[in-house]
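A.B. asks: Quick one: structure below, then a few questions.
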Amino acid sequence: MAIDLDRCTGCMACSVACQAENNVSFRADESDKLRSITWLEVYHLQNGKEYPDYQFTYLPRPCMHCDSPHHSPCTFVCPVNATTRDEVSGIVNHIYPRCIGCRYCIVACPYHARDFNWWDPKWPKSMESMLSPEVSTRMRGVVEKCTFCHHRLLKARSKAYLDGIDPNEATYVPACAEACPTKAITFGNLLDPESEVAKLSKDPRAFRILAKLNTEPKVYYLSKHQWVHKLGDNSF
Amino acid sequence: MDKALIPEGVKRCPLPAFALWVLVLLGVIGWGVYAGIMVLLKALNLTGLNDYFGFGLYITVDLAIIALGAGAFFSGFLYYGLSRFFPALKELHKIINLAVIVGFVCYTGALAVLLLEIGQPIRGWFGYWHANVHSMLTEVIFCITCYAIVLVIEYVPIVLENRKLSEIKPLRLFGHNLHELMAIFALTGTFLSFFHQGSLGGVAGVLFARPFAYRTGFFIWPWTFFLFIFSAIASGPGFTALICRAIEKVTGKNLVDRSVYELIAKIVGGLLLFYITLKIADTLYWALVLAPEAGLKLTDFYWGPYGIWLLVTEIIICGVIPAILLLTPQTRQSNIIMFSMFFLNCVGVCINRFVMTVQAIAAPVMPFDKWEIYVPTVYEWAPCIAMVAYCILIISLSYRYLPLFPRERELNPAP
Amino acid sequence: MKFGRRAFLQFAAGAVGGTLLSPMPWRLADDTAIWSQNWSWRPSPERGPITTVPTVCTLCQGGCGIQARLVNGNRAIFLEGNPVHPVNAGGICPLGAAALQYLYAPYRIEQPMKQTRARGEAAGFQPISWSEALDDLVKRLARLKSEGTPGGVACITGSRWNSMDDLWARFFSAYGSPGLFKMPSHSDSLRATAKLALGKDSPLAFALENASYVLSFGAALVEGWGAPARMQAAFMRWQKNGAGKGAAKLVQVESRCSMSAAKADQWVPVVPGTEALLALGIAHVMVKENLYDADFVSRGVLGFEDWTDMQGKVRSGFKKIALSAAYAPDQVAARTGVDAAKIQGLAREFASTANAVAVWGGGQHNVPGNIYHEMSFFALNVLRGNLKSGGLVSLVPDVPFQPADDQTAASAEGGAPQVKLGSVPGTRVPLPGNGIYGFLDILTRGMIPPLEVLFVHDANPAYSLPENKIFKAALDKVGYVVSMSPYMDETAMTADLILPNHAAFEGFEDVVGLPGVPYAYYAVSRPILKPRKDTKHSGDVVLQLSKALGGNVAAALPWASYEEYLKNRVNALAASKRGAVADKKDIDLSRLQSSVSVSPNFKDGTDLWKKLTGGFCWYDVPVDVRSALDTDSGKIELAFRAIQGKGLNVEDDQVYLPHFKPLPPSGDEKEYPLLLLSYGMLSLSCENLANPPFMTKTLWDFVLKKNDLFVEVNPSTAGPLGMSEGSKAVLKTPQGEVAVRVHLSQAARPGAIYMPQGLGHTAYDEYIQGKGVNSNSVVEVQVDPITGMGTVWATRAQLRRA
């Protein structure tokens, strides 16, 4: 995935679409950001200068689906194999019914991409009707995170199979990339050098968050501002 | 009935006084159990934990109590294992029973708290069933369970030495036979415990995306693996000695010879010196090599309440100073200094466990992250305090009804 | 055998051992684990085939194509952008993405309700049947009409870009009351400006997609100025290389570092409220340095050079005003806080870059602006020659419904005397615009005849009208308040009768034109689900009332249903043989030119209706300003010639020309040393729709923390007041006092306080109610003396520690 921060207008459509697509629960008070379940969290970055040299940008942060050798930071530590990386798609998944809620993965992830169900997820009765059957709802006491809309991949693969195409060639778009009104989010196969996303990853504006930690995040950011690069990766 | 249970030839406080004491402890335990049940029923939102602080007081206390409980396996190792080669270590048999009990209560207490810590305790057994062999936590789960079983086995013969129980012949024989086997269990326990003290250290050290905690290492084990073992064995015996001293103070008796304390002081001092040297080397390597590689400076790791004072306290005040004072014969002569140093040593290991758990995640990693502060709630304190009360309760009961100290009768002749 | 203690213990030990050896504990462990995965209180969404239904979003005026995902055809689970739709090309805004939360909102009204106790008592609402409710209303309306006081009926509606607008107008014309008022919007100003300068009663439109230099005076462009998705798409183009011309440059003139300012290539911070002064300063430089389109101005503009008024008096033109010392860079620099050199630089850049356009307004509360300032910004476009054919500034085109409209309009006029809708009896302003504030004012002061029935439709003025206490005060003078809200909002709470409308996506709706967009646009939104509650479309309510009233009213509104009425309009549109349907991907509407007409790709009304209800939109070419011009002079008028005949006749030449004339906020500067400004965010709904929980989740914790709202203040302002990050404070304006917390931000200009719009609801449910403070309760409205429209620019304020 590549996210062009220059194009991002901070409208939050990505984050909202993600919540709607993935049955993310919400509470009456969501202002405690440290306990709010947000798969695609948007961060507020600023250049630290004074008025009128002040500048800020928004930075949407899905799960990075780290590509570090052998294991992602989180899959490495899960004691019960509840979170694993699919080596074909590269997607890091989380099996909610297997998760015992030890939160070791939350501790391991430097991107805060993982959220814990501190409460029983609850919806206003009438809003239960808008829950998607394609994504299971979670229970209290387990961890959840962005799956790059993995269910959409499965759907695309099934469709490809039925259409007689190689399922491994199936393409899809996660809800956030689809929703973005400025098309700031590009999604595709990084391993395919011809893909749009692979090209963007080599753009001179591209950078990754905390590249120095050898987590090999699969989300690239693009920004024309050096201060944003610095804030994304202090190794600059 | 009470009288009949008390070991022969020793004096214990009157039953009403003891009952009152037990009642107080039970009260505290009840409070903690209530808090624990509330956490189980209403979920972890009652705690001060959040998505930033996935680990908190529960884990810190667990790690600390397990490190302090290390006196059990290490004393056992010295007594059952090494005393064959170093006869001086035979002295330890005077305190080995207490060490086993301390270990037993620490480990079982820790397991109980661990049950609260996980979000889905009903599925706790998945750790055995769906084990991920790469996870340090898996290593912890297996080792801690096995070692807790070993400790139970070690504790049973002590219980069976109770006057009433030993009247029952099969039990006495069973206990006696277990005693014979104790060396094997002690050494198995030692192995397990070495491993899991280490894997607890590994839990932090393998977090390669958390520069505060991450360490390079040997084979699959990060250096924290070894540091945790050394810090545990360097503080565990001291903790046992402190407990023993506390019992002496409370009961107003001498229970072990001072030579035992002396011996422990020497062992602890030596180990602590060894540990703290390695720790300093590790800290330097971390500050000068690892942190810069992650794009950070040492000062990036310390802020506000999580200041550099933690590092200074842990290494200098609770490490270097006790090591030196315990190894210096003159200062060791003073009970005050000796026990204070044991105490500081224990504080140091607690700080270490706190730092590697809470501060490791309090320190921001993404440059646009900001420091957060973790404040545990009463729902976290209560079970932890109750666990300590449970430890005290078991030790109190054991002391009252079991012949823990072989030298007690001689050191406290009936008037 | 005696069952002694020993036996008991043996038995117990045996039982424990036996149980452990049996499969029971393992089975139990497994079962409880499975149970923990299927807790009954964890909802399991019902499964079924998933289908997709295309439609058009009607939550705002943006006209986005969307598609709804349904399970079993009866449960809507997701809304996404329609990739074929030319406005949003698959993208969606957060409100659209969260829209189903309105459909399934717990605060929806189940059926018609009648207040049986004092107004505002929540417990007093009793359900009644539709026939009962309508009968009662018809009786009231019929009585007023027969008594010759139809003026005792009024309506406040939020509909302006759909056919409800037209339906209400027909109803009120036929009924004979002028009392149809709309909620304020910045497009009122764009309309007034166009009326004044071009003689056309249509809002101005800007071809922003084709611009390569955008000079924005406080226009909240990326926050969704006008049509949000269209603005996002335009912004995306500016980031890309627009038509091979290189990326567009965006210059944002604003006192606060808003999202638009942050996204701009250049942010020009100014003293709040001096944006127009800066525009005039730029005009000064352009005129002085001869950087304007002299050819266009001399041939097509009246009032640039000196001009002759209706009485034959020669008056100074804009040129003279612009060149006056007051607008010289040094003077402007002193008052705006922008360097003189920077002003010159901006002017030169604006003048020399191809496809440069100036836009403005809508930054603070989507409300009209000061007409002199609006005209000043407009003047920059005139100087730049942007109003030429094919230029970047034109008008929002009308959608050609005429043939059908005429038919019934004639019968509507038959019975009742002609009334000027939206006019306010008793007030006289030279160029009346949106008269809602005048209306509320006169209502409060006592109107003759008294207002007996007030409809509130598609609006929540009790919450979202700036200085909302004006509305609340006026309500006391209304005999009977009828709310048509589908939700239990603040206005519905104060109603006597609630006739709940369908929620969006439950009934047929349409979109007529897009605000600020130069091409013609029409779309029909088909329902995706059957109505979930016992609701009725407000259009059907109006039609039923008309039918029951009979006579000329029934004749003017002869349709059986709102859907029928829309079909009728679509038939008329088809009959016009204009425009086409965008039924393919990648149709670029911004490339349309007024000179190149499009050929229709629909056969007839039925075919067009089919295509439109299939989620496609109709479009047509932009307006050619030159041929559309309808001024007396036949030229673009920079001088306000038209207002002279309307009672404004003074010596001062400046009164007839764009100039800098801020409307002074009330209050003593000593008591209120700071200025309060409010700001909007695309991720915080601030008009008649309460913020949905999904969007509330995305709010920063420095905007809302628990129930506390944060105002943005510069540290240099907060410091001397003894405040630090998160400090509790009391914000006091002449309008009221509220408790807030302080967020220190370098985005805030020293001396100003910035407050988010869209919080502080008192109605709805626990997910919305009581969160923060409603900015409308503390801001102040200043009435523009020329148009009579309520404007909001800044309110004097005081901030003190709580």
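A.B. asks: For residues that are in contact with a Cys (Cβ under 7 Å, 6 or more places away or on another chain) and within 7 Å of another protein chain (Cβ to nearest Cβ), tally how many sit in segment A:11-54.
C.D. replies: 5
A.B. asks: Out of everything in segment B:191-219 that is within 11 Å of chain A (Cβ to nearest Cβ) and open to solvent by 30 Å² or more (accessible area, probe 1.4 Å), what residue ends up being farthest from the chain's Cα centre (by Cα)?
C.D. replies: Going through the qualifying residues, I end up with B:Phe208.
A.B. asks: Which residue is nearest to the other protein chains (Cβ to nearest Cβ), if the candidates are limited to segment A:151-187 and must be in a loop (DSSP other than H, G, I, E, B), open to solvent by 30 Å² or more (accessible area, probe 1.4 Å) and free of Cβ contacts under 8 Å to residues at least 40 places away in the same chain?
C.D. replies: A:Val173
A.B. asks: Scanning for something open to solvent by 30 Å² or more (accessible area, probe 1.4 Å), of a type in the set (Val, Ile, Thr) and touching a residue at least 24 places away in the same chain (Cβ under 8 Å), does segment B:292-305 turn up at least one residue?
C.D. replies: no
A.B. asks: Give me the helices (runs of 4 or more DSSP H) completely within segment B:314-365, filtered to those with at least 2 residues that are at pLDDT 95 or above, ordered by residue number.
C.D. replies: Qualifying helices (runs of 4 or more DSSP H): B:321-327, B:335-354.
A.B. asks: Return the total of residues in segment C:299-317 being under 37 Å from the mean Cα position of the chain (by Cα) and either among the basic types (Lys, Arg) or assigned to a helix (DSSP H, G or I) (or both).
C.D. replies: Final tally of qualifying residues: 2.
A.B. asks: Enumerate the pairs (first residue in segment C:311-331 and without any contact (Cβ under 8 Å) to a residue 40 or more places away in the chain and of a type in the set (D, E, K, R); second residue anywhere and assigned to a loop (DSSP other than H, G, I, E, B) and open to solvent by less than 30 Å² (accessible area, probe 1.4 Å)) with beta-carbon separation below 6 Å, excluding pairs fewer than 6 apart on the same chain, so at least 6 apart or on different chains.
C.D. replies: Filtered contacts from segment C:311-331: C:Lys319/C:Phe304.
A.B. asks: Taking the criterion of being among the acidic types (Asp, Glu), touching a residue at least 12 places away in the same chain (Cβ under 8 Å), part of a helix (DSSP H, G or I) and farther than 27 Å from B:Val358 by Cβ, would at least one residue in segment B:180-202 satisfy it?
C.D. replies: Within segment B:180-202 (the criterion being among the acidic types (Asp, Glu), touching a residue at least 12 places away in the same chain (Cβ under 8 Å), part of a helix (DSSP H, G or I) and farther than 27 Å from B:Val358 by Cβ), the answer is no, since none of the residues qualifies.
A.B. asks: Run C:Asn74 past the list (1) within 10 Å of chain A (Cβ to nearest Cβ); (2) within 25 Å of the chain's Cα centre (by Cα); (3) within 22 Å of C:Gly507 (Cα to Cα) and report the number of the one that doesn't hold.
C.D. replies: Exception for C:Asn74: condition (2).
A.B. asks: Being touching a residue at least 12 places away in the same chain (Cβ under 8 Å) and part of a strand (DSSP E or B) narrows it down to one residue among C:Arg749, C:Arg796; which is it?
C.D. replies: From the options C:Arg749, C:Arg796, the qualifying one is C:Arg796.
A.B. asks: Looking at A:Ala206 and the list (1) hydrophobic (A, V, I, L, M, F, W, C); (2) under 18 Å from the mean Cα position of the chain (by Cα); (3) at pLDDT 95 or above, which single condition is not satisfied?
C.D. replies: In the conditions (1) hydrophobic (A, V, I, L, M, F, W, C); (2) under 18 Å from the mean Cα position of the chain (by Cα); (3) at pLDDT 95 or above, A:Ala206 misses (3) alone.
Okay, residues lined up against (1) at pLDDT 95 or above; (2) under 19 Å from the mean Cα position of the chain (by Cα); (3) in a loop (DSSP other than H, G, I, E, B); (4) surrounded by fewer than 24 Cβ atoms within 10 Å (Cβ to Cβ):
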{"position": "C:Val511", "(1), (2), (3), (4)": "yes, yes, no, no"}
{"position": "C:Tyr521", "(1), (2), (3), (4)": "yes, yes, no, no"}
{"position": "C:Lys536", "(1), (2), (3), (4)": "yes, no, yes, yes"}
{"position": "C:Gln544", "(1), (2), (3), (4)": "yes, no, no, yes"}
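A.B. asks: C:Ala29: within 11 Å of chain A (Cβ to nearest Cβ) and at negative phi, yes or no? First the steps, then the outcome.
C.D. replies: On the way: within 11 Å of chain A (Cβ to nearest Cβ): no; at negative phi: yes.
No, not satisfied.
A.B. asks: Here's another thing I want to ask about it. Given the conditions (1) within 9 Å of chain B (Cβ to nearest Cβ); (2) farther than 16 Å from A:Cys8 by Cβ; (3) over 16 Å from the mean Cα position of the chain (by Cα), report the number of the one that A:Glu194 does not fulfil.
C.D. replies: Here A:Glu194 meets the rest and fails (1).
A.B. asks: Considering only segment A:205-227, how many residues are surrounded by fewer than 23 Cβ atoms within 10 Å (Cβ to Cβ), within 12 Å of chain B (Cβ to nearest Cβ) and in a helix (DSSP H, G or I)?
C.D. replies: 3
A.B. asks: Output the residues belonging to segment B:45-56 that are facing chain A (nearest Cβ under 8 Å) and more than 25 Å from the chain's Cα centre (by Cα).
C.D. replies: Hits for segment B:45-56 are B:Asn45, B:Asn50, B:Asp51, B:Tyr52.
A.B. asks: Okay, next question. Counting residues that are open to solvent by less than 50 Å² (accessible area, probe 1.4 Å) and of a type in the set (Ser, Thr, Tyr), which helices (runs of 4 or more DSSP H) fully inside segment B:1-92 reach at least 2?
C.D. replies: B:57-68
A.B. asks: Filter segment C:83-103 down to the residues that are open to solvent by less than 10 Å² (accessible area, probe 1.4 Å) and more than 8 Å from chain A (Cβ to nearest Cβ) and list them by number.
C.D. replies: Within segment C:83-103, C:His85, C:Val87, C:Ala99, C:Tyr102 qualify.
A.B. asks: Output the number of residues of segment A:85-119 satisfying the condition of being within 7 Å of chain B (Cβ to nearest Cβ) and surrounded by fewer than 18 Cβ atoms within 10 Å (Cβ to Cβ).
C.D. replies: Going through segment A:85-119 one residue at a time, the tally reaches 1.
A.B. asks: Taking only segment C:431-459 into account, find how many residues are free of Cβ contacts under 8 Å to residues at least 24 places away in the same chain and either crowded, with 18+ Cβ neighbours inside 10 Å or part of a loop (DSSP other than H, G, I, E, B) (or both).
C.D. replies: Let us first name the residues in segment C:431-459 that are free of Cβ contacts under 8 Å to residues at least 24 places away in the same chain, namely C:442, C:445, C:448.
When the remaining residues are screened for being either crowded, with 18+ Cβ neighbours inside 10 Å or part of a loop (DSSP other than H, G, I, E, B) (or both), the result is C:442, C:448.
Total satisfying the criteria: 2.
A.B. asks: Only one of these is outside the structural domain of C:Trp307 (by TED's automatic domain parsing) and buried (at least 22 other Cβ atoms within 10 Å of the Cβ): C:Phe640, C:Phe602. Name it. Working first, answer last.
C.D. replies: Working: C:Phe640 fails: outside the structural domain of C:Trp307 (by TED's automatic domain parsing).
Of C:Phe640, C:Phe602, the one residue that is outside the structural domain of C:Trp307 (by TED's automatic domain parsing) and buried (at least 22 other Cβ atoms within 10 Å of the Cβ) is C:Phe602.
A.B. asks: To continue, here is another question. Collect the residues in segment A:58-71 that are modelled with pLDDT under 95 and at the interface with another protein chain (Cβ under 9 Å from one of its Cβ atoms), keeping them in residue-number order.
C.D. replies: The answer is A:Ser68, A:His70, A:His71.
A.B. asks: Hey, another quick one. Output the residues belonging to segment B:117-159 that are of a type in the set (A, V, I, L, M), in a helix (DSSP H, G or I) and open to solvent by 20 Å² or more (accessible area, probe 1.4 Å). Show your work before the answer.
C.D. replies: Of the residues in segment B:117-159, the ones of a type in the set (A, V, I, L, M) are B:118, B:122, B:131, B:133, B:136-137, B:140-141, B:144, B:148-153, B:156, B:158-159.
This time we only want the ones that are in a helix (DSSP H, G or I), so: B:122, B:136-137, B:140-141, B:144, B:148-153, B:156, B:158-159.
Of everything in segment B:117-159, those that are of a type in the set (A, V, I, L, M), in a helix (DSSP H, G or I) and open to solvent by 20 Å² or more (accessible area, probe 1.4 Å) turn out to be B:Ile122, B:Leu137, B:Ile141, B:Ile149, B:Val152, B:Ile153, B:Val156, B:Val159.
A.B. asks: I need the full set of residues from segment C:84-120 which are free of Cβ contacts under 8 Å to residues at least 24 places away in the same chain and in contact with a strand residue (DSSP E or B) (Cβ under 7 Å, 6 or more places away or on another chain), in order please.
C.D. replies: C:Gly90, C:Thr116
The values are calculated or read from the model by the stated rules, or taken from the named source; none is laboratory data. It should be emphasised that the depicted structure is a prediction, and the values quoted were computed from it without experimental measurement. Note that each Cβ is placed from the backbone with ideal geometry, even for glycine, and that neighbours are counted across all protein chains shown. When the accessible area is computed, the model is the full protein with side chains, heavy atoms only, and any ligands, DNA or RNA have been set aside. Shrake-Rupley method; radii C 1.70, N 1.55, O 1.52, S 1.80 Å.
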